[in-house]
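Encoded as structure tokens, the structure appears first; notes follow it.
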Amino acid sequence: MSRIILNSLEIQAESGEPALTERLCQWDKDNLGARIWQRDGTVWLKDPQLAESTPELSNRLGWLELPEIMSTAVAELDEFVAEVIALDFTRVVVLGMGGSSLIAEVWDKIFGESEDFLPVTILDSTHPAAVARIAETGDLETTLFLVSSKSGGTLETFSFFNYFYHQLSLLKENPGQNFIAITDPGSKLETLALERGFRKTFSSPSEVGGRYSALTWFGLLPAALLGLSVRDLLLRARAMMAACAPGVRVADNPALQLGAFLGEMERVGRDKLTLVLSPRLQPFAVWLEQLIAESTGKKGCGLVPVIVDEDDVLPFLDKHKEPAKDRFYLFLRLRDDENSALDSARARIQALAEPSALITIGEMADLAQEIWRFELATAAAGAVLGINPFDQPDVEAAKIGARQAMLSWQESGALPKLERLVDDVDIKISGSQHFKGINDLKTGLKTFIEEAVPGDYIALLVYLPQTRSLDMALQRVQKNLQHACRVPVMIGYGPRFLHSTGQLHKGDGNHGLFLQISCASGWDLPLPGSDYSFATLIAAQAQGDYQALLKAGRRILALELPTANINKVLQSLPDHE
């Protein structure tokens, strides 16, 4: 491989330049770069006693050395992949949620499988249709399942495993040989893997949190199975790691520069981070979304990552004349990508003196540099905001709500009935007190739109099986809402977003406006060994998130449709054209 060239970073802060310069100078005086490497918790929490009593600030920074540590495992990984291919497996399915599966999706969507390697599919939806699709689109006997869970106790992951283990047990005597565990040492999953005769268990470093685990087995094993050179990826990550070594001045440190920019933008009220990526890099945005939202969205602050197509930036600016004062922009551009739309959008942003950053990526594999850069940058942004970027204190709220709903199911055979604003055979609508008095979908959506004010964002919380046609329909909903409300709109599929942006939704300064969309599944899949089904599980998760948002005082409108077709929602929205 030729000499690795570091991806470049250009920042235009304009009015925020003095604060950014002051921050970088102060970090140099404070020796912040070296202190992060030393696991000094006072980087994030100034009170030494509080920092010392917060274990994540010292025992969740193992990702710093991962490019070097994992390099020693490349030979083992290559040997295992060769063994799997020789056994005539035909595909790989990752069973996981959030940080345990998102990076595998990035590798698959950006690179796909190389010749003589294996396709990788990700299952991170508990909707029965999504689970059934895995069983129907390939031979289970030649499918290798990666059961991915750091904690080893993720409900969704265990549900997926139980279903497919049961299906395989009907087909072969040793179903465990179709499963690989990726988990922390000593976890429940590690024990299960031993009991059920899994083909292999890969132990991930326990000092690396889920959303920082892309360069552990969670990301590297799927990459290797697709045919990517893990050695090459780690070398590129090591180049960024070396550029941010403890002795590097802050002004020369490309991750700390980005981290200071992210943090200072939030401090001046520009908390909507608009992500604009070259088309071939677009799948990387979902990984960035989780890392940034879950790490910063807590204690009343947080960066809201808004993923947009480059074609959407200029029409939005032209329609609304003046840019929103709560936004800033991050462009990720592939160096050889002749992208006039992205370049025109950035030129317009620069002409308007709006704060923005441009990262130019040399080659596709250089995304490994950005994984490491953004991990340190996000951690550094946490230092600006005075928060712990390694915990997720509000994620448990939705899980508690789901457990309570499931308890009701076990006791009475039915989930709790939500208080409805509209309840008929066509559609069921629930909502927070902000939406009292509506009596049909059209007035409900009109009231929802009128609730949005400058500084807000909208999140579409979609508990439906992800398909290409649904993606396109949701993008139309997104554009309609953005132009009607003049606020950014996020899209999240449930329950996966509960392990991602769900922390931000409950932990930020209450700037979110939430539209939950679900449907009563017309059919179901039983979950072996349980007294509930997948349809019950996803309905309980939607209810749990709804109740958690209500309890947090969030503005939420929940639509339960008769089918997964959202055309009725589209027809009830104003046309953005």
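The values are calculated or read from the model by the stated rules, or taken from the named source; none is laboratory data. Keep in mind that this is a model prediction, so the values were computed, not measured. With ideal geometry, Cβ positions are generated from the backbone for all residues, glycine too; neighbour counts draw on all protein chains shown.
Just a few scattered comments:
- If you go through the stretch 175-208 and keep only what is surrounded by fewer than 17 Cβ atoms within 10 Å (Cβ to Cβ) and within 18 Å of A135 (Cα to Cα), you end up with just Q177.
Here's the yes/no breakdown for (1) among the small types (G, A, S); (2) under 30 Å from L45 (Cβ atoms); (3) modelled with pLDDT under 90:
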site	(1), (2), (3)
R333	no, no, no
L358	no, no, no
I387	no, yes, no
A398	yes, yes, no
D423	no, no, yes
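- Any hit, the stretch 523-540, residues being touching a Pro at 6+ places or on another chain (Cβ under 6 Å) and of a type in the set (D, E): yes
- Restricting attention to the stretch 125-150, the residues that are under 17 Å from I180 (Cβ atoms) and either crowded, with 23+ Cβ neighbours inside 10 Å or of a type outside the set (D, E, K, R) (or both) add up to 12.
- Selection count, the stretch 499-510, where residues are buried (at least 22 other Cβ atoms within 10 Å of the Cβ) and modelled with pLDDT of 95 or more: 8
- Residue match in the stretch 27-42 (condition: under 25 Å from the mean Cα position of the chain (by Cα), part of a helix (DSSP H, G or I) and in contact (Cβ under 8 Å) with a residue 24 or more places away in the chain): yes
- Segments classed as helices (runs of 4 or more DSSP H), wholly inside the stretch 182-277, with at least 3 members that are without any contact (Cβ under 8 Å) to a residue 60 or more places away in the chain: 188-195
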